[in-house]
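Student: Structure incoming, see below.
The values are calculated or read from the model by the stated rules, or taken from the named source; none is laboratory data. In this text, all values refer to a predicted model and were calculated from it rather than measured experimentally. Because the Cβ atoms are built from the backbone with ideal geometry, glycine has one as well, and the counts that use them run over all protein chains shown. For accessibility, only protein heavy atoms count, side chains too; no ligands or nucleic acids. Shrake-Rupley method; radii C 1.70, N 1.55, O 1.52, S 1.80 Å.
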Amino acid sequence: MEFRVWTELIQQSRGMLHVFLPLLDRGLDAVIHRLTDGKYIPVQVKGRQASLEHSFEIVVPASKLVEDSALMIAGQLAEDGLSSQLLVVDEGTFKRLAAHAAFRGEEIYWAIFSRDPASSRWREYMVPREKLAERLLGAPTELVEAEPPEPAEPVGRHNQWLGFLGESEVVRRLAQNPQLDLFRPFPDLEMVEVLARDRETGRFVGLQVKAAIPARYGEAHFRVRKATFVPSATTWIVALAWIEASGGFASDCLLVPSQDLPAIAVEGDDRWVLDFNPVHPEPTRFDAYRRNLADLGRLVAQIASEGRTLT
């Protein structure tokens with residue numbers, strides 16, 4: 001059911017809705033990144049097997065409704081796909097309109113939905129399957145054909161390995177902070193590679209992770225492609241330097257707001273370049289962004305909690 005919904009959203013929106021899936025399931029099935037305005041939308045999916053009955057029932061334990069502003073998408077699933085009508089409603093409204101009861105000592109919410117939306121009390125929130133993406137986009141938008149993708153550059157396996165290692169290190173550091181929920185994009189099509197959500201405030205911080213090996217004079221060169229670079233107040237860049245001698249990442253990293261990147265990076269033809277020496281003792285223009293890697297989980301949680309730039 002969930003992957004049917006993600007497929008509909010990606011296909012109908014033609015890439016304007018990106019799906020982030022949780023690394024640890026704490027109640028949210030996904031976060032949808034709406035590229036038209038940069039908003040992140042937490043989502044839960046509830047489904048039932050299709051039947052010949054005129055209506056279907058959804059029962060949700062209160063403990064599974066984790067955020068009133070999260071969007072619930074519910075419907076039936078048959079062998080040929082999603083039902084023709086889907087319920088799309090925020091969890092707060094669902095709790096207000098649904099029946100509320102206790103079952104075997106557990107608090108639950110339940111609702112019955114008719115296949116004929118005209119006769120349903122939920123008709124305001126019933127959406128035709130083919131208009132699901134339109135509902136999340138907020139209004140019909142003129143969708144233009146995407147430009148042909150740029151020719152792929154040859155990428156060595158070592159670079160792929162190092163990039164994966166950097167992302168895994170960032171996920172590990174963030175996972176040490178129980179205040180954060182973590183998500184990865186599905187598919188990986190945009191700048192944000194790791195998405196963190198503060199469990200209390202519901203705010204999001206998107207991270208692009210860069211990893212490099214220091215070269216001559218101890219400098220690591222981190223390259224950010226301009227073609228996928230979209231500066232946003234909620235997007236940050238994490239740059240990690242891999243020290244081959246110790247078999248680990250340097251104790252210091254860079255944590256840069258994406259909006260600051262053009263002002264501090266060296267501009268190349270198709271990339272922004274950050275030159276960073278993780279062990280250099282002399283002052284540099286990157287000192288304001290130099291952070292202890294061990295503090296990354298705390299720092300990202302601070303950004304998500306307070307909703308502002310670090311000082």
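Student: What number, in percent, do you get for the relative contact order of the chain if the mean sequence gap of Cα pairs under 8 Å and at least 6 apart is divided by its residue count?
Tutor: Reported as a whole number, the value is 14 percent.
Student: Let me ask something else about it. Please give the solvent-accessible surface of ASP25 in Å², to the nearest 10, using a probe radius of 1.4 Å with every protein chain present.
Tutor: Accessible area of ASP25: about 110 Å².
Student: Please name whichever of ALA74, LEU97, PHE186 sits farthest to the positive end of the charge dipole of the chain, dipole taken about the Cα centre and charges placed at Cβ: Lys and Arg +1, Asp and Glu -1.
Tutor: LEU97
Student: Taking a ≥ b ≥ c as the square roots of the eigenvalues of the Cα gyration tensor of the stretch 9-83, is the shape rounded (a/c under 1.5), prolate (a/b larger than b/c) or oblate?
Tutor: Taking the square roots of the gyration eigenvalues as a ≥ b ≥ c, the stretch 9-83 is oblate.
Student: Per-residue accessible area for GLU244 at 1.4 Å probe radius, Å² rounded to 10?
Tutor: Approximately 120 Å² for this residue.
Student: For the stretch 164-239, what relative contact order do you get, as a whole percent, if you take Cα pairs closer than 8 Å and at least 6 residues apart?
Tutor: Values: 102 pairs, mean separation 19.3, N = 76.
Averaging sequence separation for qualifying contacts and normalising by length gives 25 percent for the stretch 164-239.
Student: Taking the alpha-carbon distance from LYS95 and a cut-off under 20 Å, which lysines remain once sequence neighbours fewer than 8 residues away in the same chain are dropped?
Tutor: LYS46, LYS64
Student: Roughly what % antiparallel, to the nearest 5, for the DSSP beta bridges in the chain?
Tutor: The antiparallel fraction comes to roughly 80 percent.
Student: Among (1) 21.5; (2) 21.0; (3) 20.3, find the value of Kirkwood radius over Cα pairs in Å that was calculated from the structure presented, and write down its label.
Tutor: Structure-derived value, by its label: (1).
Student: What's the angle, to the nearest 10 degrees (0 to 90), between helix 157-175's Cα axis and the longest principal axis of the chain?
Tutor: Taking Cα atoms only, the helix is inclined about 70 degrees.
Student: Express the relative contact order of the stretch 21-88 as a whole percentage, based on alpha carbon pairs under 8 Å and six or more residues apart in sequence.
Tutor: 27 percent
Student: Pick out, from ASN277, LEU162, SER305, the residue whose Cα sits farthest towards the positive end of the charge dipole of the chain, with +1 on the Cβ of Lys and Arg and -1 on the Cβ of Asp and Glu.
Tutor: SER305
Student: Got a sec to turn the phi values of the stretch 28-40 into Karplus ³J(HN,Hα) couplings, 6.51 cos²θ - 1.76 cosθ + 1.60 with θ = phi - 60°, whole Hz, x for Gly and Pro?
Tutor: For the stretch 28-40, the Karplus curve yields 8, 7, 5, 10, 9, 9, 8, 6, 5, 9, x, 6, 9 Hz.
Student: Follow-up. Roll a 1.4 angstrom probe over the protein heavy atoms and tell me the percent of accessible area of the stretch 19-107 that is carbon or sulfur.
Tutor: Details: 2100 of 4380 Å².
Of the solvent-accessible surface of the stretch 19-107, carbon and sulfur hold 48 percent.
Student: So, one more: Taking only Cα atoms, what is the 0 to 90° angle, nearest 10, from helix 296-306's long axis to the longest principal axis of the chain?
Tutor: 50 degrees
Student: In what sequence, largest accessible area first, do PHE113, PHE186 appear using a 1.4 Å probe? If you can, show how the numbers build up before the last one.
Tutor: Details: PHE113 0, PHE186 80 Å².
Descending accessible area places them as PHE186, PHE113.
Student: Accessible area per residue of the stretch 1-76 at 1.4 Å probe, in Å²?
Tutor: 46 Å²
Student: Measure off, as a whole percent, the carbon and sulfur share of the 1.4 Å-probe accessible area of the stretch 178-284, all protein chains present.
Tutor: Working: 2420 of 4900 Å².
Solvent-exposed carbon and sulfur of the stretch 178-284 make up 49 percent of the total.
Student: Using alpha-carbon positions, what is the distance between the centroids of the stretch 225-293 and the stretch 163-213, in Å?
Tutor: 16 Å
Student: Still on this structure, please answer the following. Compute and list, largest first, the equivalent-ellipsoid semi-axes of the stretch 180-265 from the alpha carbon gyration tensor, each √(5λ) rounded to a whole angstrom. Walk me through the numbers on the way to the answer.
Tutor: Values: eigenvalues 119, 52, 30 Å².
Each semi-axis is √(5λ); the values are 24, 16, 12 Å.
Student: Now, a different point. Tell me, what is the 1.4 Å probe accessible area of LYS210, in Å² to the nearest 10?
Tutor: Solvent-accessible area, nearest 10 Å²: 40 Å².
Student: For the chain, with only Lys/Arg (+1) and Asp/Glu (-1) charged at the beta-carbon, what is the dipole magnitude about the Cα centre, in debye rounded to 20?
Tutor: Computed charge dipole of the chain: roughly 560 debye.
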